[in-house]
Structures are given as structure tokens and as C-alpha cells.
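Novice: Questions regarding the structure given below will be posed in turn.
Every number in this text was worked out from the coordinates using simple rules, so none of it is lab data. Remember, predicted model here, so these are calculated numbers, not experimental data. Don't worry about glycine lacking a Cβ; one is built from the backbone with ideal geometry, like all the others, and counts go over all protein chains shown.
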Amino acid sequence: MQSAKIILLCIAAAVIYGIVHDQITARVCVEYFTIGHPDIFGTDSPTLLAFGWGIVATWWAGVLIGFPLAFTSLLGSYPKRSAGSLVVPILKLLGVMACCAAVAGLIGFGLATLGNVWLVGPLAELVPREKHRYFLADLWAHNASYLSGFSGGIVLAMKVWLSRKSLQVGTTS
């Protein structure tokens, strides 16, 4: 039962983060969602797109982080970690992800403004020219969130495993 709680906690955290993240990026460049993504919601509303994509594009990331985290929290004879004990570490990971997304978005915007990165192919033609740098800011922010989330999830799972081992060592001495 605790493993299901950990996995559901990770899914909920990912979805809430995704919705908040997309509420911001949809306002930076709604074309990132209306042109850069399939039209599965039938709306141009930044709010509705952010809710829709915040769920669709992140629940699976929560699953991918939740399973290893549940595994490293519960497997073996070391003291177990509950879902409740993981709330603060997960919130810290989300904070790191948000910082990485903000920095990457600003870097992407700056590089696009300087002409060092640009849209190519059909996107370059479909996205209005004056929106290219904003689109790239969103793209960089989203990629940074995924990269920092997955790498941070691995680090978190390793830290949880090591914390359980140190708890075991602490009880035997």
C-alpha cells in the first residue's frame, strides 16, 4: 500500500508542477501549445491549455519517478520510508526544477534574441516570426524541467536508499 502512495504522490506532484509550469509558459507563448503540440483540446485559451497539457504531459513522468522512488524507499530490510517522509524532498526537487526551467527559459530567450538559436522546419514557418524567441524560451524551459526532473528523480531515489542504509547503521551501533 505504501508503494502505491509513493507512486501517487509522485504523479500528483508532477501534474501539479506541470499545470503551474504550463500556466506560466502558455502566457509566455501560447503558440508553443497551439502550434507546437497536437490540437487535442480544441482551444486557444492559455488557461485551459495549461491545465490540459499540465496533466497529459506530466502524469507519466510522475510514474517514471514514482516507481524507482517506491522501490528504493521500501525494498529490503533497511528501515522503510513512507510517502509522507518524501513530501519535503519531492517539493525540493520541484523547486530545483522550477529554477532550472526559469534559467533555461531565459537563456533560450537570450540566445534566440541574439540569433544564436532559431526555429527550423515547419515550426519556423507556422510560428509568427515575432514569437520565435518566446517559443524557444518555452521550449528550453520545458526541456530543462524534464531533464532536471528525471535526473533529480534519480538522485532523490539514490539519496533515499542511502538514507535508509544510514538509518540501519545508526540503529545497530
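Novice: Below 23 Å Cα-Cα, how many Lys pairs turn up in the chain? Only count pairs eight or more apart in sequence, or on different chains, if you could.
Specialist: Within the chain, the lysine pair count is 9.
Novice: Further question on the same structure: Calculated FRET efficiency, V63 and I24, Cβ-Cβ r, R0 22 Å, to nearest 0.05?
Specialist: 0.40
Novice: Moving to a separate point now. Over the chain, what is the relative contact order in percent, taking alpha-carbon pairs closer than 8 angstrom and at least six residues apart? Walk me through the numbers before you get to the answer.
Specialist: Details: 213 pairs, mean separation 51.9, N = 173.
Relative CO of the chain lands at 30 percent.
Novice: Same structure again: Would you mind computing Rg(Cα) / (2.2 N^0.38 Å) for the chain, counting N as its residues?
Specialist: Cα Rg divided by the expected 2.2 N^0.38 Å: 1.22.
Novice: Counting only other residues whose beta carbon sits under 13 Å from that of L119, what net charge do I get with K and R as +1, D and E as -1?
Specialist: Net charge in that neighbourhood comes out at -1.
Novice: I want to make sure I understand the PRE zone here: with the label point 7 angstrom from the Cα of S85 toward its beta carbon, which residues in segment 123-164 have backbone N atoms less than 15 Å away?
Specialist: Of the residues in segment 123-164, 157-164 have backbone N under 15 Å from the label point off S85.
Novice: Short version: ³J(HN,Hα) in whole Hz for each residue of segment 108-116, in order, from phi by Karplus 6.51 cos²θ - 1.76 cosθ + 1.60 (θ = phi - 60°), x for Gly and Pro, what are they?
Specialist: Computed from phi, the couplings for segment 108-116 are x, 4, x, 5, 5, 5, 7, x, 8 Hz.
Novice: Now a separate question. If I build a Gaussian network model for the chain, linking alpha-carbon pairs within less than 10 angstrom, which residue out of G105, G76, G152 has the largest mean-square fluctuation?
Specialist: In this elastic network of the chain, the residue with the biggest mean-square fluctuation among G105, G76, G152 is G76.
Novice: Can you check what the net charge comes to around A26, using other residues whose Cβ is under 12 Å from the Cβ of A26 (Lys, Arg +1; Asp, Glu -1)?
Specialist: On the way: positive: R27; negative: D22, E31, D44, D138.
Surrounding charge for A26 is -3.
Novice: A follow-up question, please. Which of these, A104, A137, A57, has the largest mean-square fluctuation under a Gaussian network model of the chain (Cα springs below 10 Å)?
Specialist: Among A104, A137, A57, the largest mean-square fluctuation in the Gaussian network model of the chain belongs to A57.
Novice: Now a separate question. Could you point to the residue in W59, L119, V28 farthest towards the positive end of the chain's charge dipole, with +1 and -1 charges on the Cβ of Lys/Arg and Asp/Glu respectively?
Specialist: Of the listed residues, the answer is W59.
Novice: Is segment 79-134 best put as rounded, prolate or oblate by its Cα gyration tensor, with a ≥ b ≥ c the root eigenvalues, rounded for a/c under 1.5, and otherwise prolate when a/b is larger than b/c, oblate when not?
Specialist: Details: a/c = 4.89, a/b = 3.07, b/c = 1.59.
It is prolate, given that a/c is not under 1.5 and a/b is the larger ratio.
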